[in-house]
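The values are calculated or read from the model by the stated rules, or taken from the named source; none is laboratory data. Computed from a predicted model, the values in this text were never measured in an experiment. So basically every Cβ, Gly included, is an ideal-geometry build from the backbone, and we count neighbours across all protein chains shown. Keep in mind that these areas ignore ligands, DNA and RNA; they rest on the heavy atoms of the full protein, side chains included. Shrake-Rupley method; radii C 1.70, N 1.55, O 1.52, S 1.80 Å.
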Amino acid sequence: MAAVLALTALGLSLVFGVMRVVNVAHGEFFMLGAVLAWWFANLVVGNPALGFLIALVGSPLVVGALALVADRLVLKRLDYNPEATIVATIGMLYILQQLALTFYGPDARPVVAPISFRVQFPWFGYSGYKLVVVAASAIVLLGVWVLLARTKIGLIMRATQYDRETAQAFGIRVDRVYAGVFALGAMLAAVAAVLIVPIQQAYYLMGQDPLLLSFIVVIVGGLGSLRGTVVAAIFIGMSDGIISVFFSPTLAKILATLLVAMVLVYRPQGLFGARDT
Amino acid sequence: MLTIQNIDCFYGDVQVLRSLSLEAHGGEVLCLLGRNGAGKTTLLKAIMGLVRVRAGTIIFDGQALHNLPASEVARSGVGYVPQGRRLFAELTVAENLEIGLMTRGHGVETRDRALALFPALGERLRQRAGTLSGGEQQMLAMARALCLEPTVLLLDEPMEGLMPAMISRIREVVVGLKEAGVATILVEQRVDAVLSIADRVSFIENGRSRETMRVEEVRERPDLLQHYVGVGA
């Protein structure tokens, strides 16, 4: 849960950090990733591992392409205005949700896990697939870190994040950077969804919880901070799971929201975010 | 050659530049003088494509710049050192230079040439730009712009708040660029510095270029400095 949440929240954090766009439709990209994973996985009959592999590649690509189109058709035309894009992404949320309901239906459908084994610890057993999800998420997070910190594309993204106008004055085509970041953010959500769908099932309303938790993670961790996002995702994801099991899911959400309120009051830039100067 | 003809620019409904015309030639330093709010910075931003030009033309070596986005203006060879430096404070010195090198220039060779002009930066390549001193930040802003290998360089108050030694270093660099054939448009409040490096001076008032003349003529007309800038020579 925490590992997948880190991926989803990182996508949201990247989009806000670089583009200053609060993507309310981020959870729907997650949902779409899961629904497409179900569709891709069902293309291959009798070989769940291959079906899952196709979904893991195909679903993020389709979701990324859709985000690219949304960026060109909607966000770019609004000149990435922070207020206007909130309204626009709310619209995107409902469009994607209703499209999923129309073409996929209201049922929750499972995707068979590509591998099934159980790791037996001395005091309890644990699903092997869940450990695979943690490892896969860690690899993707590491990949994003390498992209941001060690490549030319990452440098361009960071420069655009810090100062859009100056970046333009040095030849950076900011609109292309924005399109790429929006697609990357959506793809991260889709990867997270593909990884989680063998555990949670694909459902047209499944984007709401990840969106809320991603916002909480991003605010607590600090916008645009990869380290903060990962730490906050682990903390929020694990505490959400533990409190939900031992007390109630509602209490888990109440405590998480309370944490956000405290962070906003005492450390508005988040635990790891840089303070605006 | 950069030719600006009758440009109008607005911030919202407020007109900032009014039918402003200027020319800048290769191998010269054109200084813009005027009071605060006269439109000097807006003019540089308009050339750079950062402020929309509603009317008029900006032509650079036969290419129309007035309807290009800033990224394309930079790619055509216009370098910009903005007011307040506008460094990428969280990036290192090396990364700031890398940003300059991405669009034009010849990689390490260009970077080394820029660093040779400001050797102090060479020792701080891994340091975050935001932690440099004011003078070092200005050097980095200049070096970053030079990494674009510009043929036109726009400098917006590069000497603001600097020590005399740093000012004379920047002056030397600007003179060196002039000798290399670069057209420099300099906005500067320090009249003494302007008179020491400019070839021509254009007085900007209320968004218009009132008078443009050679620097020798300006020295003989302290009344103009008094009128347009509020200081004597």
Picked from the stretch B:100-135 (must be of a type in the set (D, E, K, R) and in contact with a strand residue (DSSP E or B) (Cβ under 8 Å, 6 or more places away or on another chain)), the residue least open to solvent (accessible area, probe 1.4 Å) is B:ARG128
Do we have any residue at all in the stretch A:146-156 that's farther than 25 Å from A:LEU56 by Cα, in contact with a helix residue (DSSP H, G or I) (Cβ under 8 Å, 6 or more places away or on another chain) and crowded, with 18+ Cβ neighbours inside 10 Å?
-> yes
Examine the stretch A:77-85 for a residue that is in contact with a Pro (Cβ under 6 Å, 6 or more places away or on another chain), in contact (Cβ under 8 Å) with a residue 12 or more places away in the chain and open to solvent by less than 80 Å² (accessible area, probe 1.4 Å), and state whether such a residue exists.
-> no
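Yes or no, residue by residue, for (1) surrounded by 17 or more Cβ atoms within 10 Å (Cβ to Cβ); (2) closer than 24 Å to B:ASN6 by Cβ:
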position: B:VAL173; (1), (2): yes, no
position: B:ILE185; (1), (2): yes, yes
position: B:ARG190; (1), (2): no, no
position: B:SER196; (1), (2): no, no
position: B:VAL201; (1), (2): yes, yes
position: B:GLU220; (1), (2): no, no
The stretch A:155-229: helices (runs of 4 or more DSSP H) wholly inside it with 3 or more residues that are touching a residue at least 40 places away in the same chain (Cβ under 8 Å), among the small types (Gly, Ala, Ser) and away from every other protein chain (no Cβ under 14 Å) are A:174-200
Out of (1) closer than 30 Å to B:VAL73 by Cα; (2) out of contact with any helix residue (DSSP H, G or I) (no Cβ under 9 Å at 6 or more places or on another chain); (3) open to solvent by less than 10 Å² (accessible area, probe 1.4 Å); (4) not polar (S, T, N, Q), the odd one out for A:GLY128 is which?
-> (1)
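If you check A:ALA261 against the conditions, is it modelled with pLDDT of 85 or more and open to solvent by less than 30 Å² (accessible area, probe 1.4 Å)?
Values: modelled with pLDDT of 85 or more: yes; open to solvent by less than 30 Å² (accessible area, probe 1.4 Å): no.
Considered against the rule, which asks whether it is modelled with pLDDT of 85 or more and open to solvent by less than 30 Å² (accessible area, probe 1.4 Å), A:ALA261 comes out as no.
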Determine whether B:GLY107 is touching a Phe, Trp or Tyr at 6+ places or on another chain (Cβ under 9 Å), within 17 Å of B:MET142 (Cα to Cα) and not assigned by TED's automatic domain parsing to the domain that holds B:LEU186.
-> no
Over the stretch B:70-98, the set of residues under 25 Å from B:ARG54 (Cβ atoms), within 7 Å of chain A (Cβ to nearest Cβ) and open to solvent by 40 Å² or more (accessible area, probe 1.4 Å) is B:ARG75, B:ARG86
In the set A:GLY171, A:GLY185, the lone residue that is at positive phi and open to solvent by less than 40 Å² (accessible area, probe 1.4 Å) is A:GLY171
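Considering only the stretch B:46-64, state which residues are within 14 Å of chain A (Cβ to nearest Cβ) and either surrounded by 24 or more Cβ atoms within 10 Å (Cβ to Cβ) or in contact (Cβ under 8 Å) with a residue 24 or more places away in the chain (or both). Explain how you work it out, then say what you get.
So the first thing to find is which residues in the stretch B:46-64 are within 14 Å of chain A (Cβ to nearest Cβ), and the list is B:46-52.
Of everything in the stretch B:46-64, those that are within 14 Å of chain A (Cβ to nearest Cβ) and either surrounded by 24 or more Cβ atoms within 10 Å (Cβ to Cβ) or in contact (Cβ under 8 Å) with a residue 24 or more places away in the chain (or both) turn out to be B:ALA46, B:ILE47, B:MET48, B:GLY49, B:VAL51, B:ARG52.
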Enumerated helices (runs of 4 or more DSSP H) restricted to the stretch A:1-109, each holding at least 3 residues that are within 13 Å of A:ALA202 (Cα to Cα) and under 13 Å from the mean Cα position of the chain (by Cα) = A:26-41
